[in-house]
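Notes follow once the structure below has been shown.
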Amino acid sequence: MSAPHDDQRLIAETLAGDCQAFGRLVAKYQDRLLGSMCAMVRNESDAQDIVQDALVMAFRKLHLFSGRSSFYTWLFQVARNVAISKLRSQKRTVSLDGSPHDSANGGPMTVEDRGPSPEDHLRREEDVELLRAALCRLSEEFRAILVLREMDDMDYEQIAEVLEIPVGTVRSRLHRARAQLRVELESLMKAAER
């Protein structure tokens, strides 16, 4: 059975009262959604809260899912709206050094890489940190479109559905987001050379 048909079956079973069917939907999409939200809000703890709240909201509002988009697209929209509400209600602090921090341990976020050598590992870690810092400097609108395209590998039509914008706007916004990311990366690289 294909994924969309499987999702439709699980949704129908959930609406008929089978909560375990919704659990299977959660298991199918939770990790992907968490990865997307981590990239959007830049904090794993906040992302976990957002995903949890989004899943609860999706369960409560599942009867509103029309099936015009994929279930993941709808679920991402729910999570994105939760994230936007959460970010608006929080007072965000920005580190003066511009580096993202993991609130769980208060230190810099690190990405484990099993590269072939310590030098490669260090170089990759620096590249990831630069990219993460550059993403942090982008507006939420640019960050969201880059996450959907580059991390979630959505096509332009899916992005247009999620963000509720025309496909032409997706193309131009993605172009501007990539250009702005390039500018931010260059700025950070120059600052690192000093």
Worksheet item: Largest first, how would ILE165, ILE145 line up by accessible area (1.4 Å probe)?
Response: ILE165, ILE145
Discussion item. So if I take the centroid of the Cα atoms in the stretch 25-58 and the same for the stretch 121-176, what is the distance between those two points in Å?
Written reply: 17
Discussion item. Can you compute the charge dipole magnitude of the stretch 19-68 about its Cα centre, using +1 on each Lys and Arg Cβ and -1 on each Asp and Glu Cβ, nothing else charged? Give it in debye, rounded to the nearest 20.
Written reply: 340
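For the stretch 134-194, give the percent of accessible area contributed by carbon and sulfur heavy atoms, probe 1.4 Å, rounded to a whole number. Walk me through the intermediate numbers first.
Values: 1700 of 3520 Å².
Whole-percent figure for carbon plus sulfur exposure: 48.
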Fill in: Label point distance in nm, ARG32-ALA16, each placed 7 Å from Cα along Cα→Cβ
2.4
Response to the item:
In the stretch 4-96 the accessible area split gives carbon plus sulfur, as whole percent at 1.4 Å, a share of 51
Worksheet, complete the sentence: Note, the stretch 186-193: 3J(HN,Hα) by Karplus (6.51, -1.76, 1.60, θ = phi - 60°), whole Hz, Gly/Pro = x, goes 4, 4, 5, 5, 5, 5, 5, 6
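The values are calculated or read from the model by the stated rules, or taken from the named source; none is laboratory data. If you're wondering where the values come from, they're calculated on a predicted model, not measured in any experiment. Backbone-built Cβ (ideal geometry, glycine too); neighbour counts: all protein chains shown. What goes into the accessible areas is simple: the full protein's heavy atoms, side chains included, and nothing from ligands, DNA or RNA. Shrake-Rupley method; radii C 1.70, N 1.55, O 1.52, S 1.80 Å.
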